[in-house]
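No value in this document is a laboratory result; all are computed from the given coordinates. All values derive from a computational prediction rather than experimental measurement. A quick note on method: Cβ atoms are made from the backbone with ideal geometry, for glycine too, and the neighbour counts reach across all protein chains shown.
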Amino acid sequence: MPVLSNMNISSTSNLISFVATYTILVSVGIEGGEQQAGNVLEYIGLEPDSEYKDVPVVLTANTGETETVNVSFTTTALELTTKPSKPVSSTTAILLAETNMSDAEVSCGFEYKRNDAPADMDGTKVFCPVASGQMAGRLKNLKDDVYYKYRAFYQSAAGNMYYGDWQYIFTGDVAVEFDPILYTYGATVVRENEATISGYALAGSEDFTEQGFEYWAETRANNGANAPRRMPAALNEHFFVQASGIALHATLTDLDAGTVYKYRVYGKVGDQYYYGSEQTFTTQGTYTPPTYTITFANWDGTELQTSQVEEGTLPEYTGATPERPEDEQYTYSFNGWTPTIVIASADATYTATYTATPKSQGIEDIQGDDVQCTKVLRDGQIVILRGEKVYSITGQEVR
């Protein structure tokens, strides 16, 4: 059986994307290069507006079978437009550009230098990521009495340089503040228990005091009668992982298989949080809910029932109604469990509770003289003997 049934090819100026539609495909890559999980290959560093012929692409099935397919394609022309800068303080400015490069590209950024520098003098280059067709960088330690100029650039894998037009920077008359710019990219590698995510966080007028990713499990991906029940405490618990730089990357581990996760980039300035858009991925495999040991015990610790209860299920006591023997002062009636029974999310013990009823309540008014009173049990009822009369424990004469 062939590995490949169909292949769709699309490209930008510097990236070629292969989408192979055969269902059991697990990885794809350029021959001799790194394989990428899934059915999409991102091949970066290409020359814009150029024709490539017979590029060997290796496709791998989950059976281990491989097939090499030679593909030909032509990249589109590069679009790279340097935009006016946004000064955010007397020493800092945000550099901006628009492009048709892919978010996967890494060999791009900005070149800058003083406006009065010699024309043949190379500027300083800083690399910046692409986010949905936008490039942005933060340039610090500028002088507020100096004009600078900058332009966007792209460098191909062969070392060829491509530039946008020059724009200018002056921070001497800054009187505005800018919020941070944050983007969240799609997950690149997703397995049963881990996923690699990335994003973009550019500080505004103030530096971030903390930045990274927020993520949480939203739903289980299982369908059908045996799908586990939703457990809000586990599914909506938010976690944070910190990451540094402008281009942020993190590998999330200890994830549940067969689960839909959401995540987003965040940046914190003082007590204020800023967020990028939410993205979603679904871990591979089937979610198997854990079970927990749930014990029901009597008032004295005697075990009444112990069972394994599936996560997300409300424990249930199925035994006989618990009992507590009476003592000299009280009789007891079952009154429920402590603590309150909740949906299973950990091992737990629930203990029977009782309402206590005093035995001698109401007999004070028949013990006011020298006639002896005796408390006895007749026909299962406690009564008070006083001379030749018989009283109930509430003081009512029986006969």
Segment 247-310 shape via C-alpha gyration tensor axes, a/c threshold 1.5: oblate
Residue pairs, from the table K113/K262; K86/K268; K140/K262; K86/K125; K53/K125, whose Cα atoms sit over 30 Å apart: K113/K262; K140/K262; K53/K125
Proximal charge balance of L304 [Cβ under 13 Å; K/R count +1, D/E count -1]: -3
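Assign one of three labels to segment 86-153, namely rounded, prolate or oblate, based on the Cα gyration tensor with a ≥ b ≥ c the square roots of its eigenvalues; rounded applies when a/c is under 1.5, prolate when it is not and a/b is larger than b/c, and oblate otherwise. Display every interim value, and only then the final one.
Working: a/c = 2.72, a/b = 1.52, b/c = 1.79.
Oblate, since a/c reaches 1.5 and b/c is not below a/b.
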Rel. contact order, % - alpha carbon contacts under 8 angstrom, at least six apart, segment 48-202: 21 percent
Approximate spin-label separation E326-E310, in nm, with each point projected 7 Å along Cα-to-Cβ: 4.5 nm
Cβ-derived FRET efficiency at R0 41 Å, E218 paired with S10, nearest 0.05: 0.90
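Which GluC sites (Glu not before Pro) in segment 271-326 pass both tests, a DSSP loop state and at most 11 other beta-carbon atoms within 10 Å?
On the way: sites: E278, E303, E310, E311, E316, E323, E326; in loops: E278, E311, E316, E323, E326.
Here the GluC sites (Glu not before Pro) that fit, given the DSSP loop and packing criteria, are E316.
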Stretchable slack from E79 to V241, in nm (0.36 nm times residue separation minus alpha-carbon distance): 54.9 nm
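Between C373 and K125, what is 0.36 nm times their sequence separation minus the Cα-Cα distance? Round to one decimal in nm. Provide the component values of the computation, followed by the final result.
Working: separation 248, 0.36 × 248 = 89.28 nm, distance 10.47 nm.
That pair, C373 and K125, stretches by 78.8 nm at full extension.
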Around G164: net Lys/Arg minus Asp/Glu count, Cβ-Cβ under 11 Å: -2
Spin-label zone in segment 322-347 - amide nitrogen under 13 Å from a point set 7 Å from the Cα of T295 along the C-beta vector: 347
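What does the charge count around N141 come to, taking other residues whose C-beta lies under 15 Å from its C-beta (Lys +1, Arg +1, Asp -1, Glu -1)?
Summing Lys and Arg as +1 and Asp and Glu as -1 gives +2.
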Karplus (6.51, -1.76, 1.60) ³J(HN,Hα), θ = phi - 60°, over segment 182-188, in Hz, Gly and Pro reported as x: 10, 10, 10, 8, x, 5, 9
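If you keep only loop residues by DSSP, which trypsin sites (Lys or Arg not before Pro) in segment 51-157 have at most 14 other Cβ atoms within 10 Å of their Cβ? Walk me through the numbers on the way to the answer.
Numbers: sites: K53, K113, R114, K125, R138, K140, K143, K149, R151; in loops: K140, K143.
Qualifying residues, ordered by number: K140, K143.
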Cα centroid of segment 160-199 to Cα centroid of segment 121-135, whole Å: 9 Å
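How much length is gained if the chain between D165 and I30 is pulled fully straight, taking 0.36 nm per residue apart and subtracting their Cα-Cα distance, in nm to one decimal? Could the numbers behind the result be given before it?
Values: separation 135, 0.36 × 135 = 48.60 nm, distance 3.38 nm.
Length gained between D165 and I30: 45.2 nm.
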